[in-house]
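Structure below; questions to follow.
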Amino acid sequence: MAGSFNNVGPDGADDAAASNRRLSLHIEKTPLAVIEWNSNFEVVRWNPAAERIFGYTQAEALGRHAMDLVVPESARGHVDRVWRDLIANRGGATSTNENTTKDGRRVVCEWHNTPLVTDDGRVVGVASFVQDVTQQKRTEEALRQSEERYRVLVDTTADHIYSYDRDGRFTGVNEALRASLGRAADQVIGRTDLELGFSGPAADRWQQLKRRVLATGEVQDVEIGSPMPDGQVHTYQAVLRPVRDAAGQIIGIRGMSRDITERKRLAEERERLNAQVAEREELLNAIVNSIPEGIALLRGPDFRFELVNSVLQNIDPETVMLGRPFAEAHPELASLVLPVLEETVAGEKPRGFVDVPFDVPAADPSGPRQRRFVSFSYAPIRFPSGQPSGVLVTATDTTERVLLEEQFRQAQKMEAIGRLAGGIAHDFNNLLTAILGYCELVVDELGEDHPARVDVEQIRDAGNSAATLTRQLLAFSRKQILQPALHDMNEIVAANRRLLQRVLGEDIAITEHLGAKQPTVRVDRGQIEQVLMNLTVNARDAMPRGGSLTIETANVMLDESYAQMHVAVTPGPYVMLAVSDTGHGMTPEVKARLFEPFFTTKEPGRGTGLGLATVYGIVKQSGGNIWTYSESGHGTTFKVYLPQVQESPEAAVPAPAALVAGGHEIILLVEDDERLRELARKALVRDGYSVLAAPDPATALELSERHESPIALLLTDVVLPQMSGRILAERLLALRPHMRVLYMSGYTDNAIVHHGVLDRATAFLQKPFTPAALTRKVREVLGAPAPRQAGPE
């Protein structure tokens, strides 16, 4: 619009036009919105910046009233008055207003308004220069609100917030610090710590920290004590940071201190309580782990292990229990135990299981698993805090008791079988003595060509076989005659090496590990050789495809702990004889019956089942013990323990020269079995002896009293009616001190032997015997020197 900013005369028309073009170019390029209004407030100029700010194009804006374009309806009356005053007063005005855009948005604009006056003083319009300051105002408002929130936060926080200048004077303090100091802001600002009364070691350290921040710019994060006006020393966690100007120079310090006195007290109290809890837990763990029984606490619906002591874990070391549900840790027991756990936690009467078997790994990882037995008991646990109830499980390792009970039952069974076998053997010996004796008498009377001689000899051979069986039964029942002497176990093994190798065959190798020290025992050598032979034969039968046999000897000490685990073992020094094979081993069922008479795993016709029974009886009668270690598929070891003797082995005594049978002496024969009495009488009379036969002790005493001639020998059974053969011998010896005594019996018990071993001063004849054996023994007794025989005890 011509003359809008200056009235230009005709002479300067060209210059004015050029100036207006340049001005228009600047107006088009400026980032400010340039709006020109006429006196009616209608738009006559609208540059691109105005388009960007308000959204109207130049075509849309030109000619429109200002109020319709940018002024909110609520402010139009106010703006109209302001602009009219501006035109009337012809002075510029600046204002910040909220305006509207074409799309209805509200923008905040800063307006610089100037009236357009002609040379003659007429106001022809208004020029407005507008800047969109919406974002700036929003930023300023956000900053204001932030500062307000910061101020509120600073003044409402319990922490002390403050600032210093480089001279150490307070430049700001929050409400919490003012309250702690008991001073108003104007009493703190501008003063130093010292001026406010802080002194002492804590104050000195505080000054050092501030100087370090100012000197180095390092942040100081420290815990420091500070005396308060109430006289108490509070502990603060303080952080001091440098304050820098725009150039990066340190101009002060800003700090924050948090009173941690109570927190430290609570922390110390918590540490003390934690220490007490830890100590009690340690004590509880020590108590729980020192209890000889296994302890476990199971909680929750799945009965999860929350506590497991070391004893229970050691029962089954391979299984991880802690933290696992019972069914997951022991699936093999779940169906058995879970119902009991549910009943227990429900409050029903607890139950327990006795001797539940567990298979645990052996000490040697390559060896078979070991069977252990555990007894369980259950008790409900109620927690007063309302936590879920649980079940306390107590587990006792009963393996030792179970094994001892099994050993005791086995020992009782073997003792009962032994008594039965001994009784049977005694009765059989009486019968066999008669059978064999009369067979021998008949054979002697029959000629070589007599047709019945062969039949009688067959009867005699069968009787001898039966006598062998009875001897084995007597060996098992520990009722046989032993002739013990001191022997070196190593020498016994060495002397039988070739014989044992022949028994084993070429496909089984013998290995010997003999003890270095002389292992001396008091045994019947022949019986121990029988033990060694029977164990070797048993090992051979367990290795049909060959293998190796190991024989070991050693001096060992069986202590109290070993004796507690093995019935009938007395602690002390022993000589061990071990025979091990690499055969097929034995099942537990076979081991349980191993030493029973007539028990065998061989097919019919390949064994009597008396070999190991004989071994058992010989070892027991010799004062020792035998134990078997075997697993199916892992071979077998027999260990024989015989009492060790601290003496040297005895030199072998040469056998006495054979005595000539027959004699003329008078013999008093006492036997309650008529057939045996008559057999013995005939045999003795046939050899020239005079015989006084008595069926019982009373008759024997009567015959002795009537007979005035010397009686050279009392031949008596041990077990007699009215009184024993020993008592009869004592009564007769009191009257006839030079009379010799020969005992006979089908078995020997404590009436004959001391702990199963015959006294050397006692003459004894084992039934069954033949007439020839009887007469030889009689001649031996009569021909020997005649010491007083007190008889067997």
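The values are calculated or read from the model by the stated rules, or taken from the named source; none is laboratory data. Source: prediction; values computed, not measured. FYI the Cβ positions are ideal-geometry reconstructions off the backbone, even for glycines, and counts take in every protein chain you see. We work out accessible area using only protein heavy atoms, side chains counted, and drop any ligands, DNA or RNA first. Shrake-Rupley method; radii C 1.70, N 1.55, O 1.52, S 1.80 Å.
Size of the dipole of segment 137-282 about the Cα centre, Lys and Arg at +1 and Asp and Glu at -1 on the beta carbon, nothing else charged, in debye to 20?
I would put it at about 500 debye.
Amide H of Leu720: which non-local residues (sequence gap of 5 or more, or other chain) have their own amide H closer than 5 Å, using H built in the peptide plane?
Gly725
While we're here: What order do you get for 704-715, 274-285 when each peptide is scored by the mean count of other beta carbon atoms within 10 Å, highest first?
Taking the mean over residues of other Cβ atoms within 10 Å, the ranking is 704-715, 274-285.
Beta carbons within 10 angstrom, averaged per residue: use that to sort the peptides 666-672, 33-39, highest first.
The densest-packed peptide leads the list: 666-672, 33-39.
Quick one: which of Lys29/Lys137; Lys591/Lys767; Lys591/Lys620 span more than 22 angstrom between C-alpha atoms? Don't jump to the answer; show the numbers that get you there.
Values: Lys29/Lys137 25 Å; Lys591/Lys767 33 Å; Lys591/Lys620 18 Å.
Violating the 22 Å Cα-Cα cut-off are Lys29/Lys137; Lys591/Lys767.
Just order 686-697, 118-129, 527-538 by mean Cβ neighbour count inside 10 Å, highest at the front, would you?
In decreasing order of mean packing, 686-697, 118-129, 527-538 become 527-538, 686-697, 118-129.
Still on this structure: Over segment 226-302, what lengths in whole Å, largest first, do the semi-axes of the equivalent ellipsoid take, defined as the square roots of 5 times the eigenvalues of the alpha-carbon gyration tensor?
Each semi-axis is √(5λ); the values are 52, 19, 10 Å.
Throw me the Rg/Rh for segment 147-289, computed over C-alpha atoms with Kirkwood Rh, two decimals.
Here the Rg-to-Rh quotient is 1.15.
For a label point 7 Å from the Cα of Thr96 along Cα→C-beta, name the residues of segment 111-140 whose backbone N is under 18 Å from it.
111-113, 129-140
Once fully extended, how much extra length lies between Asn40 and Glu332, figured as 0.36 nm per residue of separation less the alpha-carbon to alpha-carbon distance?
In short, 94.7 nm is gained.
Can you list residues whose amide H is under 5 Å from Leu32's amide H, if they're 5+ apart or on another chain and H is modeled 1.01 Å from N?
The list, which skips near neighbours in sequence, is empty: none.
What is the local net charge at Gln187, summed over the other residues whose Cβ is closer than 11 Å to its Cβ (Lys, Arg +1; Asp, Glu -1)?
Numbers: positive: Arg178, Arg183, Arg191; negative: Asp186, Glu195.
Taking every Cβ under 11 Å from that of Gln187, the sum is +1.
In sequence order, what are the phi-derived ³J(HN,Hα) couplings for segment 120-132 according to the Karplus relation 6.51 cos²θ - 1.76 cosθ + 1.60 with θ = phi - 60°, rounded to whole Hz, with x for glycine and proline?
Running phi through 6.51 cos²θ - 1.76 cosθ + 1.60 with θ = phi - 60° gives 8, x, 8, 8, 10, x, 9, 9, 10, 10, 10, 10, 6 Hz.
Let me ask something additional. Rounded to the nearest 0.05, what FRET efficiency do Arg265 and Ala203 give with R0 = 25 Å and r taken as the Cβ-Cβ distance? Could you check? Don't jump to the answer; show the numbers that get you there.
Working: r = 23 Å, r/R0 = 0.92.
Result of the calculation: an efficiency of 0.60.
Within 10 Å of each candidate Cβ there may be at most 15 other Cβ atoms; applying that plus a DSSP loop requirement, which GluC sites (Glu not before Pro) in segment 203-269 survive?
Glu218
By what distance, in whole Å, do the Cα atoms of segment 90-187 stretch along each of the three principal axes, largest value first?
Dimensions of segment 90-187 along the principal axes of its Cα atoms: 71, 36, 22 Å.
Further question on the same structure: Enumerate the aspartates and glutamates that Lys264 could reach by cross-link, defined here as Cα to Cα under 20 Å, with residues fewer than 8 away along the same chain left out.
Asp159, Asp221, Glu223, Asp230
On the accessible surface of segment 159-271, probed at 1.4 Å, how many percent belong to carbon and sulfur atoms?
Its accessible area is 48 percent carbon and sulfur atoms.
Check which residues have an amide H placed less than 5 Å from Ala509's amide H, if you skip close sequence neighbours.
Correct list: Gly547, Ser548, Leu549.
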